[in-house]
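These notes are about the structure you will find just below.
The values are calculated or read from the model by the stated rules, or taken from the named source; none is laboratory data. Quick caveat: nothing in here was measured; it's all calculated off a predicted structure. To get the accessible areas, we keep the full protein, side chains included, count just its heavy atoms, and leave off ligands, DNA and RNA. Shrake-Rupley method; radii C 1.70, N 1.55, O 1.52, S 1.80 Å.
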Amino acid sequence: MRNLLYRLLNVAAPSGYEDAVQSVFCEEINAYVDRIDKDAMGNAIAIKRGPEDAPKVMLSAHCDEVGFLICYIDENGYLYLQPIGGVDAELLPGRKVIITTSNGIIEGVIGKKAIHLIHGEEKKKLDVSDVWLDIAASSREEAEKLVQIGDFVTFAKDSIFYNNELVASSSTDDRIGLLTLIETARILKDRQLNCTVYFVSSCQEELGARGAKTAADIIRPDIGIAIDVTHATDYPTAEVKQSGNIGVGKGPVIALGPNINMAVCRGLKNAAQEFPVQYEVIARPTGTDANVIQLSSGGVKTALVSIPCRYMHTPCEVVSIADARCTAQLLANYLFDTFSI
């Protein structure tokens with residue numbers, strides 16, 4: 001799982017530009033399913049067939065990450081950016097990034113005025129428009145030989161794998177979910193189930209779960225379960241009274257709230273007898289694929305199982321491979337218990 005996660009993390013794929021990571025997902029899950037489809041939105045849908053007219057279960061994890069688009073090149077060769085998804089601008093200065101161009105990968109660094117030179121009103125909260133991307137070009141003409149307006153930018157892929165199975169990297173939201181889907185498919189490979197399982201690597205979640213909506217409309221599932229990351233609260237200043245006590249490495253997190261079907265939730269709880277799970281109360285739409293799946297096709301029984309993540313939407317999101325392994329087993333247990341032949 002470590003090697004597979006490393007491969008998934010090292011693909012640049014912000015919302016709307018997911019082809020490369022979808023290729024990795026399809027290649028890795030192919031041996032465990034009967035067929036893989038792709039839709040017009042860019043979703044990859046891997047299918048494990050059950051009996052004819054069997055119930056349909058959709059397991060969805062999004063493949064996209066936050067990033068940027070180059071929107072302007074000035075006369076001195078500096079590049080300006082628009083964010084794709086929710087990016088914390090305060091974390092950008094000094095970050096290494098990669099630009100994916102038609103001619104390959106270009107490296108760069110995000111710059112801003114040095115703190116020594118900032119005075120008065122300039123000390124305001126930073127915005128993406130206050131920083132620029134430096135690719136060591138000396139003019140617009142020189143920069144345009146390397147990059148073009150509309151090329152996409154992501155954080156450099158500097159993953160750290162710790163000995164206790166924790167990982168720090170950009171895009172663990174939600175490549176750890178893709179890892180979970182593939183591991184679930186592996187566990188289910190030789191098991192007959194009275195359902196058809198759709199493993200969906202959904203696109204454009206960071207822009208409003210757009211891909212999961214179209215995939216659910218195509219599949220029309222009876223049950224939909226989203227697999228995503230959620231905010232861990234095991235670090236200083238975390239608000240446990242509002243967000244709950246959620247720790248990295250302490251098991252999958254089952255969501256509770258109006259976005260969740262209680263019968264499916266009970267089934268997941270019952271499927272977790274052999275290992276610890278955590279619970280998260282979300283008294284609103286969850287902001288994940290579960291939100292749009294629930295509202296699709298006349299309404300779908302929906303659940304959300306999450307993997308704890310520290311420092312979400314930063315260049316160093318921390319998750320646990322052990323949590324992904326347990327999440328995959330939880331999903332497999334639920335399907336065994338609910339749809340065994």
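Quick notes on this one:
- Cross-link table Lys112/Lys157; Lys145/Lys213; Lys113/Lys157; Lys38/Lys269; Lys113/Lys241, entries beyond 30 Å C-alpha to C-alpha: Lys145/Lys213; Lys38/Lys269; Lys113/Lys241
- Each 5 Å bin from zero up to the one holding the largest Cα-Cα distance in region 1-158 carries the following percent of pairs: 2, 8, 15, 17, 15, 12, 10, 8, 6, 4, 2, 1, 1, 0.
- Fraction of beta bridges assigned by DSSP in the chain that are antiparallel (%, nearest 5): 60 percent
- Candidates Lys48, Lys157, Lys145, ranked by Gaussian network fluctuation over the chain, Cα under 10 Å, top entry: Lys145
- Intensity falloff of the chain expressed as log10 I(q)/I(0), Debye formula with alpha-carbon point scatterers, at q = 0.09, 0.14, 0.15 Å⁻¹: -0.49, -1.08, -1.21
- Residue among Glu52, Glu28, Glu317 with the largest mean-square fluctuation in a Gaussian network model of the chain, springs linking Cα atoms under 10 Å: Glu52
- Normalised by the number of residues in the chain, the average gap of Cα pairs under 8 Å and 6 or more apart makes the relative contact order 23 percent.
- Range of Cα positions in region 106-191 per principal axis (Å), largest first: 63, 35, 22
- Taking the accessible area of region 1-102, probe 1.4 Å, and keeping the other protein chains in place, the carbon and sulfur fraction comes to 44%.
- Region 236-321: proportion of alpha-carbon pairs further apart than 21 angstrom, %: 35 percent
- Convex hull volume of region 132-236 per residue (C-alpha atoms, cubic angstrom): 219 Å³
- Accessible surface calculations at 1.4 Å, restricted to protein heavy atoms, place region 293-341 at 31 Å² per residue.
- The Rg/Rh ratio for region 298-341 is 1.13, where Rg is the radius of gyration of the alpha carbons and Rh is the Kirkwood radius.
- Phi angles across region 11-24 convert, under the Karplus curve 6.51 cos²θ - 1.76 cosθ + 1.60 with θ = phi - 60°, into 3J(HN,Hα) values of 10, 7, 7, x, 3, x, 9, 9, 4, 5, 6, 5, 5, 5 Hz, Gly and Pro given as x.
- The residues of region 123-224 present an accessible area of 42 Å² per residue when probed at 1.4 Å with all protein chains retained.
- Of the residues Asn245, Asn291, Asn43, the one that moves most in a GNM of the chain with alpha-carbon contacts below 10 Å is Asn245.
- Here is the size of region 51-107 from its Cα atoms: Rg then Dmax, 18.8, 63 Å.
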